[in-house]
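So the structure is just underneath, and the comments pick up after that.
Every number in this text was worked out from the coordinates using simple rules, so none of it is lab data. Source: prediction; values computed, not measured. In this analysis, Cβ positions are derived from the backbone assuming ideal geometry, glycine residues included, and neighbour counts consider all displayed protein chains.
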Amino acid sequence: MDFHIMAKTLEVDDETFLFLVEALIKTLTKDLALLKEGYEQKNIKMVIDSSHRIKGSSIQLGFEELSAPAKIIEEQARDGNLDNFTKYLETLEKLSAELIKLHGESKVK
């Protein structure tokens, strides 16, 4: 994942892209918590809404890999099926942690 290339794709400078990634991380952290809470409470609407936000916000910045498991969760939840939820949640958490780490490393440079 090269933030510089991603910034160029969005036609923004690196500083602006880092700011956008930071905003994504903040909302992603909140939405992951809501996603887990929705699952634990068996609240399908909460699962759908939070996975939809994760999907949309991450794809807008070019993080397709992060968007993909959120899309699957959303689609399955819309079908009333949360059987594979934990598998995709683990993927989202892993990718989120990688994004946070990469963002932190980018700010150091």
How tilted is helix 64-78 with respect to the longest principal axis of the chain? Cα atoms for both, answer in degrees (0 to 90, nearest 10). 20 degrees
Segment 48-109 - Rg and Dmax from Cα coordinates, angstrom: 12.7, 45
Scaled radius of gyration (Cα, divided by 2.2 N^0.38 Å) that segment 1-67 gives: 1.25
When only Cα pairs under 8 Å and 6 or more residues apart are kept, what is the percent relative contact order across the chain? 23 percent
What's the center-to-center distance, using Cα atoms, between segment 80-109 and segment 41-75 in Å? 12 Å
Rounded to the nearest 10 degrees, the helix 85-108 long axis (Cα) sits at an angle to the longest Cα principal axis of the chain of 20 degrees
Please arrange R78, R53 by how many other C-beta atoms lie within 10 Å of their C-beta, fewest to most. R78, R53
Suppose only helical runs count, i.e. DSSP H with n ≥ 4. What mean residue ellipticity at 222 nm does that imply for the chain under -39500 (n - 2.57) per run, divided by all residues and rounded to the nearest 500 deg cm²/dmol? -28500 deg cm²/dmol
